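> First the structure, which I've put down as structure tokens, then a few questions once you've had a look.
Taken together, the values in this text are just the output of simple stated rules run on the coordinates, not laboratory data. On a predicted model such as this, the values are computed, not experimentally measured, just so you know. No Cβ is skipped: glycine too gets one built from the backbone with ideal geometry, and neighbour counts run over all protein chains shown.
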Amino acid sequence: MTGHAPTSAESADAADGAAIPAPVPVLSDADVARVIDRIAHQIIENTAKSGFDIALLGIPTRGVPLAQRLAARIALFADTTVPVGSLDITLYRDDLRLRGVRPLGDTVEPEGGITGRTVVLVDDVLFSGRTIRAALDALKDLGRPRAVQLAVLVDRGHRELPIRADYVGKNLPTATAQNVRVRLTEIDGVDCVELEAAE
Amino acid sequence: MKNLLSAADLDRDEATAILDTAARMHAIQGREVKKLPPLRGRTIVNLFFEDSTRTRSSFEIAGKWLSADVINVSAKGSSVSKGESLRDTALTVAAMGVDALVVRHNASGAVQRIAGWVGCRVVNAGDGTHEHPTQALLDAYTLRNRLGDLEGRHVVIVGDITHSRVARSNVILLNTLGARVTLVAPPTLMPSGVASWTCETSWDLDATLSGKEFGDVDAVMMLRVQRERMSGGYFATEREYAINYGLSPQRLDLLAEHAPVLHPGPMNRGLEISSVAADSARSVVLDQVQAGVAVRMAVLYRLLAGAAEEEVLSV
Amino acid sequence: MSILLAGAKPLGGKAVDILIEDGTIAGVGKMSASATPDETIDCTGLILLPGFVDLHTHLREPGREDAETVASGSAAAALGGYTAVHAMANTNPVADTAEIVEQVARLGERAGLVDVRPVGAVSKGLAGQELAEIGTMARSAAAVRIFSDDGRCVHDSRLMRRAFEYVKAFGGVIAQHAQDPRLADSTACCHEGEVSGRLGLPGWPGVAEESIVARDVMLAEHTGSRLHVCHVSTAGTVEVIRWAKARGIDVTSEVTPHHLLLTCDLLDSYDPVFKVNPPLRSDSDVQALREALADGTIDAVATDHAPHAPHDKDHAFADAAFGMLGLQTALGVVAESMVGTGLLDWAGVADRMSVRPAAIGGLSTHGRPIEAGEPANLTLVDANGSYTVDADALASKSRNTPFAGRTLPAGVVATFLRGRATVRDGKLVDGIPA
């Protein structure tokens, strides 16, 4: 879960004239690559016993390229193809009525489906846990996985539901008013993770 | 978007957003579990003053697959004859605590009037000979799937244009999406003032389909001709109509490879469309029906899933 | 009972004093100092016109007393500056016998606010098949002179011919609602053209009116009879009437205030308050009607006041009842469309709203010159104010006015029926009678 992309104007002064502090870098592009590699190895370790009968499901928007990269690294390290798909959770959100209508993302089932397999949900940031809870509801309408695990690039704390990640790229303590900005090359042209002050 | 009363209510971005949402809804319909949760707890009433099994069922399935509670109220038989005003009928139904009314009426403008009286959302499922916006959306969706982007595409609509709400909504929406339209009908079935519409018109189906009169044709939409129109003296006989304005096998061959044949249904085989054309590989009639559910799901989702503009809480 | 109207301007001319005594105009111009009227009304700046005469009004009684009664309609008329109205025959039961027309006349007398002149039907039950008892209605206490199937067209040529011929014996006139039912049937509700095509409303082409008027003027000529054309609505009809008059055919005609001001693009809202028969038409039709009224091709303004209960209008456009209120707003609309545009002066307004309609209806005591010895059927008009139409304050039992909320440039200050004030300061003197 991330905030909106700031314009360059917003990095300058706030309306009241006080300067907004520049975002704090958390992960550089090299860090992101390393973290993804580590998670890939962890997934391999955990699922080798079951013969890698897993599928990765990225949660749009940025969970999708992350899932694809993970699948690529797993293929490289373990010489095995892991099916990848995407799971749009918009229709399962518990806060639909609080905002205007949202556009839908794509749900693409991984090859071979998800029933009977271990599904690893992939997202960029874990925050309140509501997105993942919606993902679990959405999964239920897609099939019956043998088990569900969660891989996230950043865990920023402040859970509102009893949800935890199995694979975490970076644990990042944050204040609720802060914004965790994840950028990925496939979408933003660059890889990095930054922490922004409250607006 | 509060109501969907006319195709003119949608600008290009909104129309495209509905089609994109419909595509995703459509994809979900391929799954085993077709039910989705976003409209859980919402109540939709199909208030139909005019018979229509297909449109009503389409809206009913659309609402139910989004987990809404859908109720059908048949108000057939003119409220005038029952002595109850249209206003009273509409307000009585809406007073039951309804979130949205899907209304079909045999009089043009009736749905617009109802929208002015009730506080809930209103979707026009067809008002008289005026508009049928969800039909235009599903036609555009079907065309988009077959042809890709509709910008610059040439769509020919043939039939009783005067009495067709499908034609009116399609002319508006196709123009919004960048396509251009040619209407073909005998002079007795062309509406007055059609010269001021954003489309071409022709009395010659052969010249139009061959591309001679208005350029290459990318799609043909055949409209249903009501046999009752014969008693109004609009054309001499069914044979006369079929020979001059029907989609015969010969006329089908005039079309380019890629051009699909659409029909809003139900079809009068042998009158406006030959069986050869109706059953040909070009016919996308069943696609249109499937599209209808997806498009109506998208419309209901966009109307009801989020907060009303007035309700949006600052987050 | 004598009243002095001090400083009024008859027909918009120079200000003078007018003395009314025992129902008659006793004197116009400077009075001798010895004249002591019972009451003096300061009429500075006000225009004095002969009381208006409406050739075409629907009072709905008998049959639809929920929408209007002769009493409430009379009140609306008096407030509109009228001293006489002709009540159309499409009541329930239809006014096609002496008994019904006498009843309507009696109700008018009892209300006592305007002279109610019943119109008799041309055909029995307005069915357009057989002649109604025209002679008996003419001889009745109601002394009917105008006969009309208004609401319906006398479509059958032979019946129209018979009516033209028969009515000559009784000094009457046939008033035709021109609408060929084969070209514009009962579902037709919107001027046929760009608006009807776009809105999907059944079209009512101008030719459905023009072709009947053309036929009727020829029949009037052939039978040597009189024709009056109700609610002219198209430029084409104006041309036919112009041609007929030039040819010496005895034809008169009327136009409604709403057809002088409103056009069919108002129907975009599908609001049935704008649904009327004949329908609102185009700008060019409105222009032609105004010019025709100005040059006298059209003889009179007639309101076609058509009250409807809300539940008869709260329907889809095509299902709603046809008709608009008109009595209380007629003067203001004529002032805006004709006087304000310089097409007609106040003398012209007097002619079109009083003198000629009285002549067409054969009324000898209305539409008279403002001179000593004439009956005091008068109305005092303020042409300098602005009058906002408050639908809820109208005297009619119904509310279907297309002018609700609109500000009009003139209003009626007082109306006198045979020297007795029915309206003072823009209000009814006695309230609506029972």
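> Over segment C:1-59, how many percent of alpha carbon pairs lie in each 5 Å bin up to the one with the longest distance?
Values per bin, smallest distances first: 4, 18, 26, 22, 12, 7, 7, 2, 1, 0.
> Given Cβ point charges of +1 (Lys, Arg) and -1 (Asp, Glu) and nothing else, what value in debye, to the nearest 20, does the dipole of chain B about its Cα centre take?
So the dipole magnitude of chain B works out to roughly 840 debye.
> Under 15 Å Cα to Cα from A:K170, which aspartates and glutamates show up? Leave out anything in the same chain fewer than 8 places away.
A:D29, A:D31, A:D37, A:D123, A:D124, A:D155, A:D191, A:E194
> Here's a follow-up. I need the shape label for segment C:2-161. Rule: rounded when a/c is under 1.5, else prolate if a/b > b/c, else oblate, with a, b, c from the alpha carbon gyration tensor. Write out the running numbers ahead of the final one.
Details: a/c = 2.85, a/b = 2.58, b/c = 1.10.
Verdict is prolate for segment C:2-161.
> By counting other Cβ atoms within 10 Å of each Cβ, how are C:T234, B:T162, B:T198 ranked from fewest to most?
Working: C:T234 25, B:T162 22, B:T198 11.
Least to most surrounded, the residues fall as B:T198, B:T162, C:T234.
> While we're looking at this one, here's another question. Tell me the trypsin sites (Lys or Arg not before Pro) within segment C:10-79 that lie in a loop according to DSSP and have at most 14 other beta-carbon atoms within 10 Å.
Here the trypsin sites (Lys or Arg not before Pro) that fit, given the DSSP loop and packing criteria, are C:K14, C:K30.
> Right, here's the next one. Give the percent of DSSP beta bridges with both residues in chain C that are antiparallel, rounded to the nearest 5.
Beta bridges within chain C, antiparallel portion: roughly 45 percent.
> Would segment B:192-249 count as rounded, prolate or oblate if I go by the C-alpha gyration tensor, calling it rounded below 1.5 in a/c and otherwise prolate when a/b exceeds b/c, oblate otherwise? Please report the intermediate quantities before stating the final value.
Values: a/c = 2.27, a/b = 1.38, b/c = 1.65.
Since a/c reaches 1.5 but b/c is at least a/b, the shape of segment B:192-249 is classed as oblate.
> Also: Over chain A, what is the relative contact order in whole percent, taking alpha-carbon pairs under 8 Å and six or more residues apart?
25 percent
> Count the net charge of all other residues whose Cβ sits under 12 Å from the Cβ of C:D425, scoring Lys and Arg as +1 and Asp and Glu as -1.
Around C:D425, the surrounding residues sum to 0.
> Which percent, nearest 5, of DSSP beta bridges in the protein assembly as shown are antiparallel?
In the protein assembly as shown, DSSP labels about 30 percent of beta bridges as antiparallel.
> Whole angstrom only: what separates the Cα centroid of segment B:235-279 from the Cα centroid of segment C:384-434?
A separation of 62 Å, based on Cα centres.
> Any idea what the dipole of the protein assembly as shown comes to, in debye rounded to 20, about its Cα centre with Lys/Arg Cβ at +1 and Asp/Glu Cβ at -1?
Here the protein assembly as shown has a charge dipole of around 1800 debye.
> With no solvent and one point on each alpha carbon, what is the Debye value of log10 I(q)/I(0) for chain C at q = 0.13, 0.14 Å⁻¹?
Values returned for q = 0.13, 0.14 Å⁻¹ are -1.11, -1.29.
> Still on this structure, please answer the following. Starting from the Cα coordinates of the protein assembly as shown, work out the convex hull volume and express it per residue in Å³.
Taking the convex hull of the Cα positions in the protein assembly as shown, it is 213 Å³ per residue.
> Could you tell me which GluC sites (Glu not before Pro) in segment B:22-92 are loop residues by DSSP with no more than 14 other beta carbons within 10 angstrom of their beta carbon? Mind showing how you got there, number by number?
Values: sites: B:E32, B:E50, B:E60, B:E84; in loops: B:E32, B:E50, B:E84.
Within segment B:22-92, the qualifying GluC sites (Glu not before Pro) (loop, at most 14 other Cβ atoms within 10 Å) are B:E32.
> Where in segment B:126-229 are there trypsin sites (Lys or Arg not before Pro) that are in a DSSP coil and have at most 15 other Cβ atoms within 10 angstrom of their Cβ?
Here the trypsin sites (Lys or Arg not before Pro) that fit, given the DSSP loop and packing criteria, are B:K212.
> Within a 10 angstrom radius of each residue's Cβ in B:119-130, how many Cβ atoms of other chains show up on average? Whole number is fine.
Rounded to a whole number, the mean comes out at 2.
> Another question about this same structure. Normalised by the residues of segment C:230-370, what does the relative contact order come to in percent, with Cα pairs under 8 Å and at least six apart?
Numbers: 209 pairs, mean separation 36.2, N = 141.
Rounded, it is 26 percent for segment C:230-370.
> While we're here: Work out the mean other chain Cβ neighbour count within 10 Å for the residues of C:182-195 and drop it here as an integer. Could the numbers behind the result be given before it?
Working: counts 1, 0, 0, 1, 0, 1, 0, 2, 2, 1, 3, 3, 7, 2.
Mean shielding by partner chains, rounded to a whole number: 2.
> Moving on. Hey, what does the equivalent ellipsoid look like for chain B, semi-axes from the Cα gyration tensor as sqrt of 5 times each eigenvalue, largest first, whole Å?
Taking √(5λ) for each eigenvalue gives 33, 23, 17 Å, largest first.
> Shifting gears a bit: Which one of C:H58, C:H222, C:H308 has the biggest mean-square fluctuation once chain C is modelled by GNM with Cα springs under 10 Å?
C:H222
> Explain nothing, just the number: relative contact order of segment C:71-204, from Cα pairs under 8 Å at least 6 residues apart, as a whole percent.
Dividing the mean separation by the residue count of segment C:71-204 yields 19 percent.
> Have a look at A:I114, A:V64, A:V180 and report the one farthest towards the positive end of the charge dipole of segment A:61-199, computed about the Cα centre with Cβ charges (Lys/Arg +1, Asp/Glu -1).
In segment A:61-199, that residue is A:I114.
> Starting from the 7 Å offset along Cα-to-Cβ, what nm value, one decimal, do you get for the label separation of B:D51 and C:K30?
It is 8.5 nm.
> Roughly how crowded by other chains is peptide B:85-93, in terms of the mean Cβ count from those chains within 10 Å of each of its Cβ atoms?
Values: counts 9, 8, 5, 2, 2, 1, 1, 0, 0.
Taking all residues of B:85-93 together, the mean is 3.
> Assign one of three labels to segment B:1-157, namely rounded, prolate or oblate, based on the Cα gyration tensor with a ≥ b ≥ c the square roots of its eigenvalues; rounded applies when a/c is under 1.5, prolate when it is not and a/b is larger than b/c, and oblate otherwise.
Verdict is oblate for segment B:1-157.
> Where the centroid of each part is defined by its Cα atoms, how far is segment B:114-141 from segment C:1-71 in Å?
Using only Cα atoms to place each centre, the spacing works out to 55 Å.
> Could you list A:L27, B:L86 so that the one with the fewest beta carbons within 10 Å of its beta carbon is first and the one with the most is last?
Numbers: A:L27 21, B:L86 26.
Least to most surrounded, the residues fall as A:L27, B:L86.
> Which one of B:A291, B:A259, B:A305 has the biggest mean-square fluctuation once chain B is modelled by GNM with Cα springs under 10 Å?
B:A305
> Could you give each residue of segment B:252-263 its phi-based ³J(HN,Hα) in whole Hz, using Karplus coefficients 6.51, -1.76, 1.60 with θ = phi - 60°, and x for Gly or Pro?
Working through the residues one at a time gives 4, 5, 6, 7, 5, 3, 7, 7, x, 10, 10, 7 Hz.
> Still on this structure, I have one more. Give me B:T134, C:T136, C:T83 sorted ascending by neighbouring Cβ count inside 10 Å, so fewest comes first. Walk me through the numbers before you get to the answer.
Working: B:T134 27, C:T136 16, C:T83 30.
Lowest to highest Cβ neighbour count: C:T136, B:T134, C:T83.
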